[in-house]
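Visitor: Questions regarding the structure given below will be posed in turn.
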Amino acid sequence: MSVLVYTESEEGTLKKGALEVASYAKAVADQLGTTVTAVSINTKDTTSLGNYGVNKVLNITNTQLDKFSAHGYAAAIKQAAEQESAKVIVVSSSADSKYLSPLLAVHLNAGYASNVVEAPTNTNPFTVKRSAFTNKAFENTQINTDVKIIGVSNNSFGLVENTGSASIEDFSPSILNLGVTVESVDKATDKVTIADADTVVSAGRGLKGPENWGMIEELADVLGAATACSKPVSDLGWRPHGEHVGQTGKPVASNLYIAIGISGAIQHLAGINASKVKVVINTDPEAPFFKAADYGVVGDAFQVVPQLIEKLKAFKAQQ
């Protein structure tokens, strides 16, 4: 009766979030006095999972699942859960996991709690702490179903290393209906993704035009960060829609979020509120973002950002 964890990968490589949910699953397993079994789909190397508390990996190699399919992945995880008699299933809060989790809950007649930020505060009744109201509050939620699905909020639990190794077993689930067939996927391959980034550098209309984005990308390169933008910027076509963050775009739960030339509309703030440290650079001291930020710089981005890049490069050169 292991705790089952779905560990996501991209192009065969485990995502950082996979290690976080493995760490979380280990904490739950310790509370329940059991072990952790991971389900990994078309992943080239899963040995690192043993360092984060996983005891066994069910390795699925299936060409039908080369591209993400919520129906197909949910069916595969369901069969793994049934084989392992799992009563607790842990997933991430990625867009893919949020898509497949409700389907999995229906398959298993399970309760699903999303945006969970801590290990269970109680296992009888099973109680988890989760963020609510676009990360403005927390609530303690009881899951009373026999099977429970926990969606861990990104960057909330962190990575917890454990000494140990995981056995790896081939697992071949029956996949009958993918629901939707993916024909192609276009993505940037040379950049840190917003979902996996510890640091996000975001900019808005204060940059005045797409020709000025070079300094944003340079700052992101120095910090090893992902680049993002506000909704007006993507609507104007200055940046791709995939970089739009906020309530109507991609949610961000990074350790550091730097907003440059973004005034801070309520929809934007709601989408990035889960970030741990928020920094704003803006010429307007009355910009709403300053009320939400941990640190603020009142100044012209075209003067502040180049100096920040210079200082960061000098600091890194001393390391």
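The values are calculated or read from the model by the stated rules, or taken from the named source; none is laboratory data. This one's a predicted model, so the numbers in the text were calculated from it and none came from an experiment. Positions of Cβ are generated from backbone atoms using ideal geometry, with glycine treated the same way; all protein chains shown enter the neighbour counts. Heavy atoms of the whole protein, side chains included, go into the accessibility calculation; ligands, DNA and RNA do not. Shrake-Rupley method; radii C 1.70, N 1.55, O 1.52, S 1.80 Å.
Visitor: Touching a residue at least 12 places away in the same chain (Cβ under 8 Å), of a type in the set (Asp, Glu) and either under 25 Å from residue 250 (Cβ atoms) or open to solvent by less than 10 Å² (accessible area, probe 1.4 Å) (or both): is that true of residue 66 in this structure? Show your work before the answer.
Guide: Numbers: touching a residue at least 12 places away in the same chain (Cβ under 8 Å): yes; of a type in the set (Asp, Glu): yes; either under 25 Å from residue 250 (Cβ atoms) or open to solvent by less than 10 Å² (accessible area, probe 1.4 Å) (or both): yes.
When the stated conditions are applied, residue 66 passes them.
Visitor: Identify, please: which residue in the stretch 145-175 is in contact with a strand residue (DSSP E or B) (Cβ under 8 Å, 6 or more places away or on another chain) and among the charged types (D, E, K, R) and is, among those, least open to solvent (accessible area, probe 1.4 Å)?
Guide: Taking the stretch 145-175 and keeping what is in contact with a strand residue (DSSP E or B) (Cβ under 8 Å, 6 or more places away or on another chain), we get 145, 147-153, 156, 166-173.
So of that shortlist, the ones also among the charged types (D, E, K, R) come out as 148, 169-170.
Numbers: 148: 31, 169: 77, 170: 133 Å².
This residue is 148.
Visitor: Only residues that are open to solvent by 50 Å² or more (accessible area, probe 1.4 Å) and either without any contact (Cβ under 8 Å) to a residue 40 or more places away in the chain or not in a loop (DSSP other than H, G, I, E, B) (or both): list them for the stretch 130-144, please. It would help to see each step written out before you state the result.
Guide: Step one: filter the stretch 130-144 for residues open to solvent by 50 Å² or more (accessible area, probe 1.4 Å), giving 133-136, 138-140, 142, 144.
Listed by number, the residues that qualify are 133, 138, 139, 140, 142, 144.
Visitor: From 186, 235, 196, grab the single residue that is open to solvent by 10 Å² or more (accessible area, probe 1.4 Å) and at pLDDT 90 or above.
Guide: None of the other options fit; the residue is 235.
Visitor: Being part of a loop (DSSP other than H, G, I, E, B), in contact with a Ser or Thr (Cβ under 8 Å, 6 or more places away or on another chain), under 20 Å from residue 298 (Cβ atoms) and not β-branched (Val, Ile, Thr) is the filter here; which residues of the stretch 262-280 pass it?
Guide: Across the stretch 262-280, the qualifying residue is only 265.
Visitor: For the stretch 1-19, enumerate the residues that are open to solvent by 10 Å² or more (accessible area, probe 1.4 Å) and in a helix (DSSP H, G or I).
Guide: Passing the criteria: 16, 17, 19.
Visitor: Identify all residues within the stretch 99-127 that are touching a residue at least 24 places away in the same chain (Cβ under 8 Å), hydroxyl-bearing (Ser, Thr, Tyr), open to solvent by 30 Å² or more (accessible area, probe 1.4 Å) and within 17 Å of residue 24 (Cβ to Cβ); write none if there are none.
Guide: The answer is 112, 123.
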